[in-house]
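Every number in this text was worked out from the coordinates using simple rules, so none of it is lab data. None of these values were measured; they are calculated from a predicted model. We place every Cβ from the backbone using ideal geometry, glycine too, and count neighbours over all the protein chains shown.
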Amino acid sequence: HDLAIAVVGVLSVLVVVVALALVPTRPALATALLQCCWPVWVVGLAFAAYLLHAVTTRPRAPGIVPRTIVVLGGALQGRHVGPLLRRRVERAATIWHAAPEGTRIVASGGQGHDEQRSEAEAMAEHLVVACGVDAEAIDLEDRSTSTRENLALTRDLGAAEPWLVVTSEYHVPRARMLLRELGIDGDATDSWSSPVYRPGALVRELAATVRPARGTMLVLGGAMVGMTIVGVARTAGIAG
């Protein structure tokens, strides 16, 4: 996904550069080239709006005293937590050590088709072995395959509210949105992730967060395809 996003971004920038270079001598061709990129412009505007949303709801210091800390799963490396998931788990452990006695911690994550065991199991092992969390304080939710399921299935365990959900910073806005949608009393806080990983992750967050109605998608998609076809035809005609 990240490679595809990078290729689209580079090609879009190149089209803009070429179009700007053509403006003084061939303005009609420059306009036609830009018209070919309507899908990219529309997605770009949506991404800019999502970035604004992410910035205005960026992670902050937890404002609640949680009764349950919920760690959201992520990719494993073999049988162990990967770097991104390790940071989530260690952030959750830090919060747990500072929390009042009796605070529970839920490791939430199922087993992917390419994983050797559930993410919850690997997370719990890291919490105990590497972070010094009492095994008796950990509950496992090991069936979920999405963020919504993480939260819904954790609620089914009877996890006491309020919750503090620990996830990567780019994922906090969607976690908060889903907490509100599911009517769960709680908040989300962040763990650090590599800047190299964030651009692709933010695009995936946009795709997961913005889900227009099917009719809207058909109208927008049809309009973008139509404009692109016109742009390609104009470009071919002018270039020829």
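Charge tally for Ser191 (other residues, Cβ to Cβ under 10 Å; Lys, Arg +1; Asp, Glu -1): +1. Were the residues from Ala236 through Val18 laid out at 0.36 nm apart, the gain over their Cα-Cα distance would be 76.9 nm. With 0.36 nm allotted per residue and the present C-alpha distance subtracted, the Leu11-Ala135 stretch has 39.6 nm of extension available. One decimal place: the segment Thr145-Asp185 gains 12.2 nm when fully extended, by the rule 0.36 nm per residue minus the C-alpha distance. The Cβ shell under 14 Å around Leu153 holds other residues with a net charge of -3, Lys and Arg each +1, Asp and Glu each -1.
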